[in-house]
Amino acid sequence: MPSSPLFEHSTEETPLNRRDFFKLAGAGLSSLLLASSGLGSLAQGAEATKQDACIKAESELGVAKRFPLIEQGIEGLSAKQIQAHLRLYEGYVKKYQSISQEIKAFTPEQLANVNATYHPFRELLVEESFALNGVLLHEEYFGILTPDAKPMSSYLKSLLNQHFGSIEAFQAQLVASAKAMRGWAILGYCPRYKHLSFYGLDSHHMFSPVGVKPVLVVDVYEHAYLIDYGTDRASYLNALWKQIDWTVVEARLSFV
């Protein structure tokens, strides 16, 4: 087929074939349409909003959240106990910020000899996951506590019955998980198998399942109850059950 000056133009450097021409023409037409319709400005605005959100999130690194509903204590957990616990959480927030900044400060030259036996970069990666989970798990835990507990809704009862057989079985598994672990008991939703199940962590970053969304998080480190209950974890768990905000749990399960 003879070439057409409209669809093919050659220079000494590069040929422009029919397909490339239509790509360029289409791109130009799209830009023109976006500009005339105002969609280009909307797209730019959306991108700017996304960048602003990233900047805002970065600026909040190292800023602890507030939990005003529980700061003065709730039934079963004194203000002294909760204040001490919040200070520990704030320490994780600051440490995570510090570790993140140290990781960013490494130069390519400093990273050339990283290995799996020992290197400062490796140690920071290990402790970064510990500190970050220390932040996130505490926020999930504090978020389900309330001074004004309400009964479960019929919807939540139905959902838990579906996954555990009964509310009694659900409570028994929650308490057993909390007694069995050294750090955390977690009711989580696994999107891979689409079911709710209990998971246990001996440490912030030990045995944490990938992709599981925490729904109900219980801190069972002794620092969570030592001031009020000594080493009596069972009494702590009994008190905690009565102060769970089931509306928060239900909201976290809205996608199920």
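The values are calculated or read from the model by the stated rules, or taken from the named source; none is laboratory data. These figures come from a predicted structure and were not determined experimentally. Note: ideal-geometry Cβ built from the backbone for every residue, glycine included; neighbour counts use all protein chains shown.
Results, tabulated for the structure shown:
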item: Every residue from the range 117-163 that is surrounded by 15 or more Cβ atoms within 10 Å (Cβ to Cβ), among the polar types (S, T, N, Q) and more than 21 Å from Gly62 (Cβ to Cβ); result: Thr146
item: Residue in the range 71-79 that is among the acidic types (Asp, Glu) and either touching a residue at least 60 places away in the same chain (Cβ under 8 Å) or in a helix (DSSP H, G or I) (or both) present; result: yes
item: Residue list for the range 101-121, filter: hydrophobic (A, V, I, L, M, F, W, C) and in a helix (DSSP H, G or I); result: Ile103, Phe121
item: Residues being touching a residue at least 60 places away in the same chain (Cβ under 8 Å) and under 15 Å from the mean Cα position of the chain (by Cα) - total across the range 188-231; result: 7
item: Candidate set: the range 164-206, residues that are modelled with pLDDT under 95, surrounded by fewer than 19 Cβ atoms within 10 Å (Cβ to Cβ) and touching a helix residue (DSSP H, G or I) at 6+ places or on another chain (Cβ under 8 Å); chosen: the one nearest to Ser129 (Cα to Cα); result: His205
